[in-house]
Every structure is written in C-alpha cells, then in structure tokens.
Amino acid sequence: MADGEMGPKAKFHSMMEGTREDWMAIGQAGAAYRAEHGDRLMAHLRLLADDSGGFAVTRLEHSLQTATRAHRDGRDEEYVVCALMHDIGDILSPSSHAEVGATLMRPYVSEANHWMMDKHGIFQGYYFFHHIGLDRDMREQFRGHPHFEHCAQFCHLYDQNSFDPDYRSMSLDDFEPMLRRVVAAPKQSIYRRAAE
C-alpha cells in the first residue's frame, strides 16, 4: 500500500504521545515495504551496470564474477550473496563502499561474513595500494583477528581476479533467489525480539 493510500496510520505527532495501537499500525503499514527489500537491493545492483570505474568490466559484472567464482567453488549461499553484494556501495559511497555493503547485509549474515565485507576494501588493497602510494600491507593491522584469513581468502580467490571480460558469469537473475532467501528475515536486529 503506497504511503498516500488508505490504511492504518499512527495518530501521534511526537513519539512521546505514541500508543501501542500507533506502533501496531506502523508495523502493519511497514510490512509491505519490508517485503519489497529484495526488490530494492536488486534494483541497486542493476545500477552497477552503468559504470565501470575505469576497470575492464562494469561494476555489476565484477560483482557477478565474484559471486559466480564463489558459487562454482561450492561456497554456501550466504557467502555467495555476500560476494554478490560486496561492492554495492560503490555508487552511493565510493570512499566507504565496503562499509556500506557490510552495513546493508549485517542483519542477515554471520559475523565472519559481515567482517569480510566490511574489511575487504583494506584487504583488496594488498593487490594495488603500492601502485597509488598507499601501504599494501594496511591489512596487517588486523593480523591475528579471527576473521583475517576468511577475508584474505575472499579477496585472493574471488575478488581481485574478477575483472576478466572473457569470464562467463552467471546472470543476476541466477542469483536473485539466493539474495531473496538470505535477506528474507534478519538474524540480528535491534527490532527483533530475543525470542524470535
């Protein structure tokens, strides 16, 4: 139901005035919007097809290659979806793209996969930072972290080598059901009761 259509709405003008009935109305109205979350993620992934950022493939193709390599290597669905989503922040926040993608996926993925997404920008720097005057060993600040190798392996096996215009990737449509399953329900959220 679109915002302007009939339906239950809260009556308060300040949260201090809110009642349980107001919050039930908000929850009911928000359910349809939350159900469309996968649609919005797919639409944003499609935007990655509009830019290559100077690479040999578009940002979408890079994401598809990364996810395809992980899928063909037998990684579980959550990991594959993280591989697909790892650079979704490129357009909205180029200076913190890894963190944006990690934040989007945090409610739906394991701590290891969230950390991998959050830190992959620094770990990917191992392959090119020295060419642009940065420290390629910047990732060493995390040496000893329980997820260090998980992230290093993601970058080495799937991310740094996924700029190949001749690679035959799976399509975004192939990944859509996986994405929708992974984001269907949060594993962790401040809005989720502990018993859920």
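The values are calculated or read from the model by the stated rules, or taken from the named source; none is laboratory data. Because the structure is a prediction, the values reported are computed rather than measured. Virtual Cβ from ideal backbone geometry, glycine too; neighbours counted across all protein chains shown. Calculation scope for accessible area: heavy atoms of the full protein, side chains included, ligands and nucleic acids excluded. Shrake-Rupley method; radii C 1.70, N 1.55, O 1.52, S 1.80 Å.
Okay, here's what the table says:
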{"quantity": "Only Lys, Arg (+1) and Asp, Glu (-1) charged, at Cβ; the range 12-110 dipole about Cα centre in debye", "calculated": "180 debye"}
{"quantity": "Accessible area in the full protein assembly, largest first, 1.4 Å probe, for Glu17, Glu61", "calculated": "Glu17, Glu61"}
{"quantity": "Two-site label geometry, Phe55 and Ser110: point separation in nm, points 7 Å out along Cα→Cβ", "calculated": "2.5 nm"}
{"quantity": "Accessible area per residue, Å², the range 1-158 with all protein chains present, probe 1.4 Å", "calculated": "55 Å²"}
{"quantity": "Estimated [θ] at 222 nm from DSSP helical runs (n ≥ 4, -39500 (n - 2.57)) normalised by residues in the chain, nearest 500", "calculated": "-14000 deg cm²/dmol"}
{"quantity": "Contour excess over end-to-end distance, with Cα ends at Ala31 and Tyr127 and 0.36 nm allotted per residue", "calculated": "30.3 nm"}
{"quantity": "Area of Glu77 that stays accessible when all protein chains are in place (1.4 Å probe, Å², to 10)", "calculated": "60 Å²"}
{"quantity": "Cut-off 15 Å between beta-carbons: net charge of the residues surrounding Thr103, Lys and Arg +1, Asp and Glu -1", "calculated": "-1"}
{"quantity": "Tail fraction, Cα-Cα pairs, the range 94-196, threshold 24 Å, whole percent", "calculated": "35 percent"}
{"quantity": "Overall dimensions of the chain as given by Cα atoms, namely Rg and Dmax in Å", "calculated": "19.4, 60"}
{"quantity": "Protein-only accessible surface order, largest first, of Tyr191, Tyr126 at 1.4 Å", "calculated": "Tyr191, Tyr126"}
{"quantity": "FRET efficiency, Ser189 to Asp166 (Cβ-Cβ, R0 45 Å, nearest 0.05)", "calculated": "0.65"}
{"quantity": "Solvent accessible area, Å² - Glu36, 1.4 Å probe, full protein context", "calculated": "90 Å²"}
{"quantity": "Accessible surface of the chain [probe 1.4 Å, protein heavy atoms]: carbon and sulfur percent", "calculated": "54 percent"}
